[in-house]
Structure formats: structure tokens, C-alpha cells
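Values in this text are rule-based calculations from the coordinates and carry no lab data. Computed from a predicted model, the values in this text were never measured in an experiment. With ideal geometry, Cβ positions are generated from the backbone for all residues, glycine too; neighbour counts draw on all protein chains shown.
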Amino acid sequence: MRKIFIDTAIVMVAFAFLQYSENHRTSKNISNNIGYQQAPTKDKGIGPFKNVTLAPIDKEKVKNGLSLFNNKCALCHEIGKDKVGPSLRIDLKDDSPEFILNMIVNPVEMEKSNANIKELMKEFNNVPMPNQRISQEDALDIFEFLRSVAKNDI
């Protein structure tokens, strides 16, 4: 019974965030200034990130990304383990950087329009990812943290 209550509370919080973020959405397009590039054949998702070239991992971005992850993502996601949402141990052989970044900054549109996300949501009781109003700069830091985890297996 307690698990059902907790799951219901999480869904209610997610929907509240979703409603709030839809009403207060702002975005500054910086995606062309980040110096990232990836193979064009992979699904890039829907959002501002179009071409991402991977550079060496930036330790300062990783540090900020870890803090952002703990504050914005850790309630629903864990590294290496499914939670309310899927594990966030990324594999760039499977997903493009653009796809991951667009999911971070544009989850509502990705959930509505992207077939891969629609399928993934079925595995997690169709619980939507709330739009946390993460800026493109912060998304890049979270992505850098996720890259460091994938690379270093920590």
C-alpha cells in the first residue's frame, strides 16, 4: 500500500512539474555553438540540439552536471538501475548525443512525437518525464556527467 502511495505521489508531482513548465517555457538556442558532431543516421530527437561533436570530457562540466543530476534527475533516475524512469547509464553506440540532450531539454515533445520514447514509456507505466526547465547549458553539463559515468563506469 505504501508503494502505491509513493508511486501515486511521484506521478502527481511529475504532472504538476509538467503543467508548470509548459506555462513557463523559455529557451535560448545555443545548440550550434557547442562544438559537438555525431553521425547523422542516428535518431536526434526533437529539440534545439541538431549537431553535436564530442570533445574530451570537461571535468568542470562533469562536476556541475553531477550537482544538476542530483537536484533535477535523481528523484526518478539512477545510474545503472531503473527507478521511476530508466537507468541513465548512457551508451552512445545506441543513442546520439542530440537525442539525449533533446530529451533533457524537451521531454514533453519527445514523449508526444518520438516513437522510441513512446515505447520506452510503456516499460515505465507511461509516467511522463516532467519538463524541469533545464537550460541548454545545464543540459550539456548533465550530459557531460553522464558521459563521464559511461566512460569511467563509476
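General remarks:
- Backbone N within the stretch 113-133 under 17 Å of label point (7 Å from D82 Cα along the Cβ vector): 116-129
- Filter on K59/K122; K93/K118; K63/K112; K61/K83; K63/K83 - keep pairs with C-alpha separation over 28 Å: K59/K122; K63/K112
- Net charge dipole, the stretch 39-154: roughly 40 debye, given to the nearest 20, about the Cα centre with Cβ charges of +1 for Lys and Arg and -1 for Asp and Glu.
- Potential lengthening of the chain between N125 and V108 amounts to 4.5 nm, from the contour at 0.36 nm per residue minus the alpha-carbon distance.
- Each Cα pair under 8 Å and six or more residues apart adds its separation to the average, and for the stretch 59-123 the resulting relative contact order is 12 percent.
- In terms of overall dimensions, the stretch 49-154 has a Cα radius of gyration and Dmax of 12.9, 36 angstrom.
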